[in-house]
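Following: one structure in structure tokens, then a few remarks.
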Amino acid sequence: MHRARGCAAFRETHAPVALAQTQGAPAGQKLTNQQLDSLTAPVALYPDALLAQVLLIASTYPQDVQQAAEWSKTNSNIKGDDAVKAVQSEPWDPRVQ
């Protein structure tokens with residue numbers, strides 16, 4: 001369960017930033033080096049094993065991850081073990097929970 005909390009923390013802190021920074025660019029336009037650096041620099045702070053797990057889960061279960069992010073936003077008052085217990089009834093893959 002500790003790894004799941006790490007994934008959630010990563011997703012909650014960095015996914016919105018990356019999305020916000022790339023939404024302003026028109027489709028097909030290349031990002032500048034500065035934009036790429038601002039997107040990837042925070043990711044470099046995490047261990048490779050955690051990044052591999054997050055990326056594997058996100059690419060395998062994208063709808064579950066999206067629903068979990070929405071749940072997390074809606075239930076932002078539920079934290080830690082209480083949040084882990086609350087999502088056990090959700091139909092998501094256990095690695096997303």
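The values are calculated or read from the model by the stated rules, or taken from the named source; none is laboratory data. These numbers come from a predicted model, not from an experiment. Using ideal geometry, Cβ is built from the backbone for each residue, glycine included, and neighbour counts are taken over all protein chains shown.
Residue by residue, here is whether (1) in contact with a His (Cβ under 6 Å, 6 or more places away or on another chain); (2) modelled with pLDDT under 90; (3) in a helix (DSSP H, G or I); (4) among the small types (Gly, Ala, Ser) holds:
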{"site": "Ala4", "(1), (2), (3), (4)": "no, yes, yes, yes"}
{"site": "Arg11", "(1), (2), (3), (4)": "no, yes, yes, no"}
{"site": "Pro16", "(1), (2), (3), (4)": "no, yes, yes, no"}
{"site": "Ala20", "(1), (2), (3), (4)": "no, yes, yes, yes"}
{"site": "Ala25", "(1), (2), (3), (4)": "no, yes, no, yes"}
{"site": "Ser38", "(1), (2), (3), (4)": "no, no, yes, yes"}
{"site": "Ala52", "(1), (2), (3), (4)": "no, no, yes, yes"}
{"site": "Ser59", "(1), (2), (3), (4)": "no, no, yes, yes"}
{"site": "Gln63", "(1), (2), (3), (4)": "no, no, yes, no"}
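Mind listing whichever residues of the stretch 65-97 are hydrophobic (A, V, I, L, M, F, W, C), within 12 Å of the chain's Cα centre (by Cα) and part of a helix (DSSP H, G or I)? Correct list: Val65, Ala68, Ala69.
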